[in-house]
1. Three principal axis extents, largest first, for the C-alpha atoms of the chain, in Å?
2. Restricting the calculation to Cα positions, tell me the Rg (one decimal) and the Dmax (whole number) of the stretch 27-122 in Å.
3. Would the stretch 100-221 count as rounded, prolate or oblate if I go by the C-alpha gyration tensor, calling it rounded below 1.5 in a/c and otherwise prolate when a/b exceeds b/c, oblate otherwise?
4. What is the sum of charges around Met109, taking Lys and Arg as +1, Asp and Glu as -1, for the other residues whose C-beta is under 12 Å from the C-beta of Met109?
5. By its C-alpha gyration tensor, with a ≥ b ≥ c as the square roots of the eigenvalues, how is the stretch 24-69 shaped: rounded for a/c under 1.5, else prolate for a/b larger than b/c, else oblate?
6. Measure nothing fancy, just the Cα-based angle from helix 3-24's long axis to the longest principal axis of the chain, in degrees from 0 to 90, nearest 10.
7. Please work out the Cα center distance from the stretch 59-127 to the stretch 263-283, rounded to the nearest Å.
8. With θ set to phi - 60° and the Karplus curve 6.51 cos²θ - 1.76 cosθ + 1.60, what are the ³J(HN,Hα) couplings of the stretch 223-239 in order, to the nearest whole Hz, using x for Gly and Pro?
Amino acid sequence: MNRSFVYTVFIIMLAFATSQASYGQKTDTIVHINGNILKGDFKRMNYGVVTWKMDGMGTISFEEPKIQTIISNKIFEIKMESGRVYYGSFAASEEPRKVNLILLNENVMVKIEDIVEVYPIKNSFLSRLSGNFSLGANYSKGSGVATLAFSGNLDYRKKSSVYSLAWDTNDTFQGDSISSSKADVSLSWQRLLNKGWSVDFTAGASSNLQLGTDVRWNVTAAGIKDLAYNEWNRLYVAVGLNASKEIPVGDAQTTDDLAGLFQLKWKVYKLKGAKVWVDADVSYLPYLTSNRSRLNINLNPQVSIFSNNFKVGISSYYTFDSQPQNVEAANDDYGVNLQFTYSLN
């Protein structure tokens with residue numbers, strides 16, 4: 001066999017093995033504002049928090065205001081405060097709190113604070129997954145009334161798309177029986193467009209015994225516009241249509257309805273000084289098939305304990321229905337719970 005051919009094959013195999021080994025290494029770099037350098041695997045950044053994996057320490061999180069610059073050869077989806085989306089890698093900048101985006105046909109220098117989301121384009125299923133799990137409870141010995149609340153969400157991210165599963169249950173017990181129950185579960189798909197616009201399709205079910213609803217199945221299609229999205233908050237509005245099938249408590253008739261949807265959502269992630277998170281939303285649904293209307297308000301302020309993954313706060317809600325299908329049902333319902341939250345890296 002030709003010796004030069006053997007040498008050529010050997011060199012190719014060695015180069016391949018070396019490239020595979022380096023690919024498996026964690027070669028991303030983040031420089032802190034205090035000069036510290038972190039080598040690891042850049043998982044993602046959203047709502048002001050970077051998820052970072054390091055040998056020995058495992059997966060950690062830290063705040064975006066602490067980043068001086070970023071270096072990575074991987075391809076990321078990078079969403080800016082302006083709503084523009086880039087696809088490229090990171091190179092260091094000599095200017096403080098800036099980074100160079102290495103794109104297909106150009107390089108762009110941007111401020112770190114103007115980046116609101118970063119997700120790797122190619123990565124494993126688990127690294128695309130994020131979420132929160134919250135548990136809350138209240139009990140009064142004098143009244144014998146206890147309240148148990150469990151809520152959370154799981155988000156799976158793909159290029160320009162997010163799949164979200166969310167749930168929220170709030171049960172009140174008196175003695176051995178449930179005196180009141182409220183539950184919501186939904187599965188949604190959101191597609192990022194451009195300049196802060198997105199589309200959202202959601203299917204879900206809900207129940208509220210206080211308002212006389214045994215189960216309500218609903219499907220929603222909406223357009224979303226970011227009014228503000230920066231290093232400390234996201235404020236956006238959604239407008240769309242909601243189709244529902246409602247089965248009331250008791251003997252009232254099942255109804256099929258179509259309603260408009262007007263929604264305002266606000267997420268605060270203040271990470272300078274005291275670390276504060278706030279999730280708030282208001283939804284108004286005027287029915288097109290009757291004179292009925294519904295209003296839902298949620299407010300969940302939290303502060304971090306131990307780390308960004310553990311939080312404690314208040315979970316509160318208010319719901320109003322102008323025409324409950326069960327005539328004996330109340331028009332409104334509300335609840336407040338102390339809540340502990342764990343965030344999945």
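The values are calculated or read from the model by the stated rules, or taken from the named source; none is laboratory data. Predicted model only: the values in this text are computed from it and were never measured. All Cβ positions, even for glycine, are placed from backbone atoms using ideal geometry, and neighbour counts span all protein chains on display. Quick note on the areas: whole protein, heavy atoms, side chains included, nothing else; ligands and nucleic acids left out. Shrake-Rupley method; radii C 1.70, N 1.55, O 1.52, S 1.80 Å.
1. Projected onto the principal axes, the Cα atoms of the chain cover 90, 46, 44 Å.
2. My reading of the Cα-based Rg and Dmax gives 12.2, 38 Å.
3. Working: a/c = 3.49, a/b = 2.33, b/c = 1.50.
In terms of gyration-tensor shape, prolate.
4. Working: positive: Arg97, Lys98, Lys111; negative: Glu94, Glu95, Glu106, Asp114.
With Lys, Arg at +1 and Asp, Glu at -1, the net is -1.
5. Working: a/c = 1.86, a/b = 1.25, b/c = 1.48.
Because a/c hits 1.5 or more and a/b fails to exceed b/c, the stretch 24-69 counts as oblate.
6. It is inclined by approximately 30 degrees.
7. For the stretch 59-127 versus the stretch 263-283, the Cα centre distance is 23 Å.
8. x, 10, 10, 6, 8, 7, 8, 9, 6, 10, 7, 9, 10, 9, 10, 10, 9
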